[in-house]
1. Please sort 44-53, 14-23, 28-37 by packing, taking for each peptide the average over its residues of neighbouring beta carbons within 10 angstrom, highest first.
2. What translational diffusion coefficient, to the nearest whole µm²/s, does segment 6-66 have by Stokes-Einstein, given a Kirkwood radius computed over alpha-carbon pairs, a temperature of 4 °C and 1.567 mPa s viscosity?
3. In nm, what is the difference between 0.36 nm times the number of residues separating residue 59 and residue 36 and their Cα-Cα distance?
Amino acid sequence: MPEERYISMEEAAKQLKVTRTALYYYIRILKLEKKKFELDKRVYLKMPDFERIKKLREEAARRTTEEGVTQPLLCDGEIRHKTKHLVAEVVSRPLVTA
């Protein structure tokens, strides 16, 4: 039987370019198991589970791109995003001081 491969939570978060908190969120939502080894403080994730998270994140990013979300635009001093359904939705407004 092949030996299980693991990746530390820190390394997984680094490779996915997310925080450890976000990684724990994915693990909870996907009902994945974490692993701790004796005499080791770190927490690990099975490589197939890590690959599953990576694939799901890539698919989500692809869907977002296909739905027409683009880079932010600066219009009339406001940051906006173009979407498929709306010409532009306001994301934030500049601070106006009197």
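1. On the way: 44-53: 17.6, 14-23: 13.1, 28-37: 10.9.
Put in order of decreasing packing, that is 44-53, 14-23, 28-37.
2. Answer, rounded: 108 µm²/s.
3. Result: 5.4 nm gained on full extension.
Only the coordinates and a few stated rules stand behind these numbers; no lab work does. Please read all numbers here as calculations on a predicted model, not as lab measurements. FYI the Cβ positions are ideal-geometry reconstructions off the backbone, even for glycines, and counts take in every protein chain you see.
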